[in-house]
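Nothing in this text is a laboratory measurement; each read-out follows from the coordinates by a stated rule. Bear in mind the structure is a predicted one, so any value in this text is a computation, not a measurement. All Cβ positions, glycine included, derive from the backbone under ideal geometry; neighbour counts span all protein chains shown.
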């Protein structure tokens with residue numbers, strides 16, 4: 001009984017196979033055409049041997065398709081081909097654009113927070129005097145954002161213009177008893193390189209700011225352009241030979257009622273390697289693009305980290321202002337020597353309300369000049385006598401120390417906030433902005449690196465992910481292009497040249513696609529831009545719109561400045577932004593000028609407690625002992641925090657008196 005059952009099963013299977021190989025009717029074919037074309041006019045009623053050679057399905061023993069049905073088969077084949085590629089290319093293009101959008105969003109949010117932090121700190125520190133001139137600092141951030149958006153702004157020139165205008169403002173304040181015309185102020189700006197009123201802050205700020213902005217913008221633009229390149233390639237039409245080969249693999253089984261059969265894996269690979277032969281030209285340049293993207297990403301996580309440059313920019317500019325204050329006398333003398341002695345102004349009090357840091361700096365200048373006159377008469381001992389009397393005045397104001405405690409606490413809080421903004425608070429390593437930026441770049445890098453060898457793997461992904469393809473190469477029940485049988489032809493190797501003898505899709509290796517060549521040139525130009533960004537060189541985006549339009553004319557479309565001499569740019573941040581803890585915003589004041597403090601209301605009061613020789617600068621009188629040099633940090637802290645706050649308490653009435 002068991003033997004009879006198995007014998008009957010074998011007979012039924014053989015009968016089914018025979019029916020599949022030679023369909024007795026065209027019912028299944030009619031259903032297929034009705035579903036896909038809503039037309040069965042070109043379906044035969046009974047299978048017959050075609051007298052003509054069919055271009056798509058070839059000459060077979062029996063078929064249910066009329067020769068006029070082949071255009072319909074090719075149309076459906078083209079639709080299926082586009083769907084299969086779009087599954088890979090469109091998804092990949094969308095991934096690149098999505099990552100670029102996330103980087104854009106994070107970068108602009110970070111820049112906006114830096115702008116707000118700058119405004120809040122300077123408003124608290126300098127009060128109304130900053131608010132009256134806040135446009136100068138807001139324009140700086142606007143120009144930085146303009147470069148990130150459009151790329152047509154020179155970062156170095158932006159900073160040079162900023163410090164040039166700031167120098168004119170502060171120089172006018174420091175010498176408010178004089179009148180300066182526009183020509184003289186131009187001379188002041190031209191003297192900056194020699195005088196260096198802000199110390200080395202402009203030079204050390206511009207270098208890391210430029211290379212960080214250039215690298216960040218180039219990186220995000222590379223993500224966008226890579227997405228555009230993929231989208232452009234997705235528009236590339238297949239060759240006629242590809243459509244015939246692909247339709248034969250996917251549509252011809254339906255003409256024999258075998259639409260549910262699966263193509264042999266080797267057969268599918270030969271078809272897709274022939275169809276994607278020109279695409280394989282991208283593989284080498286694509287991998288080179290991914291390699292340089294990884295290098296730029298590492299720079300952004302290290303010495304080119306944009307957050308470590310932008311967030312503490314308020315502290316750095318404030319430090320430059322302090323340098324100007326501390327060297328105001330030397331700066332003025334050098335400028336007078338270069339540009340000539342200006343004329344005295346008729347109304348100094350009216351002028352000082354119209355310029356940056358007017359009230360405080362005017363008074364600072366007057367105090368500095370008074371102390372300078374006393375220092376010119378050492379034979380009278382006036383300076384030593386003044387220094388001996390100052391502690392007595394502080395004792396008379398013994399209530400000041402008690403009342404300044406809240407202000408000192410507020411100053412300490414402000415310093416802590418600046419350190420957090422500078423991304424150098426170790427307690428926030430796992431949840432602060434630095435970690436978020438690190439995590440974002442890591443995520444982008446992981447997804448970008450996963451596309452390596454994409455063009456070489458694309459035929460395999462299309463075939464292996466297709467449910468209509470048999471994974472086993474030697475399978476006797478798969479569609480091999482003409483029947484349900486194993487595929488015995490050689491599977492071609494990867495690459496364009498190896499498709500010259502492709503048995504399924506003829507390929508002319510001497511006539512590649514012009515559209516694809518344009519994308520190759522665009523990719524190579526993009527690699528050159530990334531190399532310049534990696535080396536810290538300028539990157540010019542003169543033809544960026546061509547890339548976004550998908551009409552790039554090649555590597556010459558985008559020019560980059562520099563000769564590549566910076567190839568061995570150090571990975572260590574080195575320069576200005578490498579300090580471990582950014583200094584707090586200094587009060588306006590310095591050597592030769594009384595320290596200025598600004599209270600919460602924005603009013604200013606001068607502090608008469610700081611001597612002409614600043615102990616924080618290492619200076620000491622003749623009575624200093626060896627132990628005096630052991631505590632420079634404490635003295636500087638007292639001069640920076642306590643003295644301005646002390647001045648807030650008792651200086652207001654004095655300022656009202658002189659005004």
Mean separation of Cα contacts under 8 Å (at least 6 apart) over the residue count of the range 91-233, i.e. the relative contact order in percent, is 43
Heads up, the range 269-310 by the C-alpha gyration tensor (a ≥ b ≥ c square roots of eigenvalues; a/c under 1.5 rounded, else a/b over b/c prolate, else oblate) looks prolate
With the range 139-247 reduced to its Cα atoms and the Debye formula applied, log10 I(q)/I(0) at q = 0.12, 0.15, 0.23 1/Å amounts to -0.61, -0.78, -1.20
When 147, 267 are ranked with the fewest other C-beta atoms within 10 Å first, the list becomes 147, 267
Given a Förster distance of 60 Å, the FRET efficiency implied by the Cβ-Cβ spacing of residue 78 and residue 343, rounded to the nearest 0.05, works out to 0.10
If N is the residue count of the range 224-304, its Cα Rg over 2.2 N^0.38 Å rounds to 1.64
Row for the range 79-167, column shape: gyration tensor on C-alpha, a ≥ b ≥ c, rounded if a/c < 1.5 i.e. under 1.5, prolate if a/b over b/c, else oblate; value prolate
The range 198-337: relative contact order from alpha carbon pairs under 8 Å, six or more residues apart, as a whole percent, is 53
In this structure, the FRET efficiency calculated for residue 200 and residue 98 from their beta-carbon separation, with R0 = 41 Å, to the nearest 0.05, is 0.50
A student applying the Cα gyration tensor rule (rounded when a/c is under 1.5; otherwise prolate if a/b is larger than b/c, oblate if not) would label the range 57-120 prolate
Most exposed first, judged by fewest Cβ atoms within 10 angstrom, 230, 243 run 243, 230
The exposure ranking of 286, 479, 455, 541, fewest beta-carbon neighbours within 10 Å first, is 541, 455, 286, 479
